[in-house]
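The values are calculated or read from the model by the stated rules, or taken from the named source; none is laboratory data. Note that this is a predicted model, so its numbers are computed, not measured. With ideal geometry, Cβ positions are generated from the backbone for all residues, glycine too; neighbour counts draw on all protein chains shown.
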Amino acid sequence: MTVSRLPLDGVRILDLGQSVAVPVATLWLAYMGAQVVRIESRDRGITMRNWPPFANGIPGQNRSGLGNLFACNKLSCTLDLSKPLARDLVRELVCISDVVVENFSTGVAERMGFGYPELSALRPDLIMVSLAAFGRSGPMKGGVGFHSAVALFSGLSAITGYPGGHPRIPGSVLPDVVSGTYVVLALVQALYNRAMTGQGQYVELAMTENIMSIMPEAIIDYTLNGRQHRRMGNGDIAKAPHGIYPCRGDDAWISISVEDEAQWEALCRLAEHTDWLEDHRFAGALARCYHQEDLDRLLAEWTRRGEPYELMHLLQQAGVPAGPALSTKGLLEDPHLQARGDIVTTDHPEVGTRSMIGIPWRISGLPPVEYRPAPLFGQHVSFVLGQLLGLPEGEIQRLVDEGVVA
């Protein structure tokens with residue numbers, strides 16, 4: 001069955017989010033058809049607009065790569081939330097919105113008059129989503145943390161790193177992207193519940209708890225065996241070889257993961273090293289895991305002779321799981337992603353045509369997503385205040401002159 005509307009067409013979301021997690025969430029929701037009204041100001045919402053990298057290395061509030069990526073398909077309305085009149089305008093927008101999403105520090109929304117009790121009094125069926133590093137309750141509710149703190153307090157850093165080494169922070173935006181995805185899941189469920197019951201809901205999430213849910217092996221190992229999960233680098237507890245190996249070329253790498261003896265034998269024959277099959281150090285998975293360092297060194301001597309895609313095809317044809325460790329350039333040029341239409345372009349009014357990753361799902365029967373470029377800072381003030389709230393042009397100009405419109 002083919003439908004003419006995207007799933008969230010007709011849903012209006014007021015986006016008060018900062019940094020990365022909430023912008024990621026509202027990006028997915030905008031791609032699903034929601035109208036996302038992003039409230040920005042020079043001292044708050046512009047934060048990501050100041051983050052490098054910038055297009056052509058030229059800084060500017062409309063030139064940030066991250067800022068432009070996560071603002072696609074959204075509307076930008078600039079308000080100085082330190083001013084009472086600006087906060088009044090936000091409350092008026094709440095009255096005509098279905099959802100409010102925020103990730104201020106605990107207590108900030110309440111001090112501005114944007115707590116759920118206040119906002120739901122304006123719109124009883126309102127859905128509000130709050131995201132914080134440590135949640136809105138408990139002894140650490142007042143704590144402020146970004147991705148690094150979330151990785152540390154969730155326990156993820158403790159199990160990430162090299163054998164015998166110290167904990168590592170595994171990528172800056174991983175906690176934000178995971179948490180943003182959880183916001184989407186919770187919000188879609190809340191919208192479904194409202195469609196069934198007519199009732200609004202308050203949804204509250206903690207980023208640390210979100211990240212804990214993606215490391216079940218470490219938690220299960222401790223609850224079952226009382227054993228702390230050890231840091232293994234790119235290794236695996238039961239597979240060897242299992243890692244990323246250098247290839248011919250500049251910063252070129254391939255990942256290889258051997259799961260059983262048949263794959264191990266196939267790898268040895270492909271590498272023309274049947275002598276490895278006779279080596280006692282590599283006789284079985286446990287022995288190979290124990291001698292992983294020696295095995296990695298020998299395997300790297302072979303992988304350096306080939307290019308990533310060349311080796312990938314040879315290994316996969318032999319039944320050995322393998323794939324290139326793609327750089328950003330490699331991702332954008334990857335023939336598989338290109339063929340699936342996952343690499344899309346937008347034509348931004350200031351930075352021009354740029355490639356980016358599209359939505360990570362396919363749903364049959366839905367109309368295609370229109371990828372619209374990120375708005376310029378404050379581009380939709382007239383639309384939001386004029387068409388949505390009904391303010392006359394002269395009143396909007398007065399708000400600009402008084403600094404209410406930032």
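At-a-glance table
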quantity: Flag if Leu89 is in contact with an Asp or Glu (Cβ under 9 Å, 6 or more places away or on another chain), at pLDDT 95 or above and not basic (Lys, Arg); calculated: no
quantity: Single residue of Gly378, Gly386, Gly394 found to be on the phi > 0 side of the Ramachandran plot and not hydroxyl-bearing (Ser, Thr, Tyr); calculated: Gly378
quantity: Helices (runs of 4 or more DSSP H) (entirely within region 254-302) containing at least 3 residues that are more than 15 Å from Met232 (Cα to Cα) and touching a residue at least 40 places away in the same chain (Cβ under 8 Å); calculated: 261-270
quantity: Scan of region 211-233 for residues that are buried (at least 16 other Cβ atoms within 10 Å of the Cβ) and under 26 Å from the mean Cα position of the chain (by Cα), ordered by number; calculated: Ile211, Met212, Met215, Ala218, His229, Arg231, Met232, Gly233
quantity: Selection within region 180-228 - in contact with a strand residue (DSSP E or B) (Cβ under 9 Å, 6 or more places away or on another chain), among the hydroxyl-bearing types (Ser, Thr, Tyr) and in a helix (DSSP H, G or I); calculated: Tyr182
quantity: Criterion violated by Ser19 - all others in (1) on the phi < 0 side of the Ramachandran plot; (2) at pLDDT below 95 satisfied; calculated: (1)
quantity: Top-ranked residue in region 311-333 [being assigned to a loop (DSSP other than H, G, I, E, B) and within 25 Å of Leu270 (Cα to Cα); ranked as modelled with the lowest pLDDT]; calculated: Leu326
quantity: Among (1) crowded, with 17+ Cβ neighbours inside 10 Å; (2) charged (D, E, K, R); (3) assigned to a helix (DSSP H, G or I) - the single one Asp88 does not satisfy; calculated: (1)
quantity: Verdict on Pro367 being assigned by TED's automatic domain parsing to the domain that holds Ser64, under 30 Å from Asp80 (Cβ atoms) and either in contact (Cβ under 8 Å) with a residue 40 or more places away in the chain or surrounded by 14 or more Cβ atoms within 10 Å (Cβ to Cβ) (or both); calculated: no
